[in-house]
Amino acid sequence: MSASLVDPVEEDLPSANYAGDFETTSIPPYQSSGSGAGHPGADPAAGQGYSLFNDPEPLPYVQPGSGPAAAPLGPVQVGTDDDGVAARRGTLDLGLLLLRVGIGSILIVHGLQKAFGLWGGPGLGGWRDELTAQGFSQVDILAYLAVGGQIAAGLLLVLGLFTPVAAAGALAYLVTGLLSEAMTAHEEARLASFLTDGHEYKVFLVGAVAALVLTGPGRYGFDAGRGWARRPFVGSFLALLLGVGAGVAIWVVFNGGNPLG
């Protein structure tokens, strides 16, 4: 038995008498927008073909400079909303739900007390008398507007429906009530102890509603698909200004007293 050394490069080359088919082998048809039927190397029976030696083999991807640039490599954000905001929000939406239900329930209960005298409330007649004692005018109209708006705002907050409008209405009601309480404290010469004699509760409610205007209702409500539930921004500032301005305007129009002097 004899062995011979073979150059691996020479082994891959065809022999001198190899009748290969290099000139007849063609790449599967590749039709481009600029190719014509008479292109060199075309196979008349199979459409447009390309010879292995006569024409360069077309690449199966877009040539550089002829299409959109490839996206750069990097981390990909997974689990996003349609607008690209991260979908993972933790317990944020649950906290906003509790805040909405708490504030809305308080408004509903106090509104029912004023409207129907439930749970020891004054009823509509007693509520009109309270408004008169606080120096408000047009108490017949104002009593209905205040009670109806308070209950409606509470229901909308609990449901998470039209939340910016509902929160702005609740804020207007609370601001007017806070000014009325400050006016009473001023008349009784106890304005200096206003925040330590029980009024901190109403101050806290004003702050909580204002925070809800800025944060939005979260996803657990009927506003879940709207922009102010996911990405509150400019509209929240407008709703906040509208609520505070409406509360001050109601006070000026229907009372007009100066709670600070």
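The values are calculated or read from the model by the stated rules, or taken from the named source; none is laboratory data. Just so it is clear, the structure is predicted and the values come from calculations on it, not from any experiment. Cβ placement follows ideal geometry from the backbone for every residue including glycine, while neighbour counts extend to all protein chains displayed.
Summary of computed values
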read-out	value
Test: Leu212 is surrounded by 19 or more Cβ atoms within 10 Å (Cβ to Cβ), out of contact with any strand residue (DSSP E or B) (no Cβ under 9 Å at 6 or more places or on another chain) and either within 23 Å of Thr184 (Cβ to Cβ) or modelled with pLDDT under 85 (or both)	no
Region 112-133, subset hydrophobic (A, V, I, L, M, F, W, C) and either farther than 23 Å from Leu155 by Cα or surrounded by 14 or more Cβ atoms within 10 Å (Cβ to Cβ) (or both), residue nearest to the chain's Cα centre (by Cα)	Leu112
Unmet criterion (only one of (1) buried (at least 19 other Cβ atoms within 10 Å of the Cβ); (2) in contact with a Gly (Cβ under 7 Å, 6 or more places away or on another chain)) for Ala239	(2)
Residue list for region 151-166, restricted to those being part of a helix (DSSP H, G or I), in contact with a helix residue (DSSP H, G or I) (Cβ under 6 Å, 6 or more places away or on another chain) and modelled with pLDDT under 95	Pro164
Filter result for the condition that a residue is in contact with a helix residue (DSSP H, G or I) (Cβ under 8 Å, 6 or more places away or on another chain), within 16 Å of Thr176 (Cα to Cα), in contact (Cβ under 8 Å) with a residue 12 or more places away in the chain and outside any helix (DSSP H, G or I), over Gly135, Gly111	Gly135
Test set (1) buried (at least 22 other Cβ atoms within 10 Å of the Cβ); (2) free of Cβ contacts under 8 Å to residues at least 12 places away in the same chain - Gly154 fails condition number	(2)
Failed item, numbered, when Gly225 is tested on (1) in a loop (DSSP other than H, G, I, E, B); (2) in contact with a helix residue (DSSP H, G or I) (Cβ under 6 Å, 6 or more places away or on another chain)	(2)
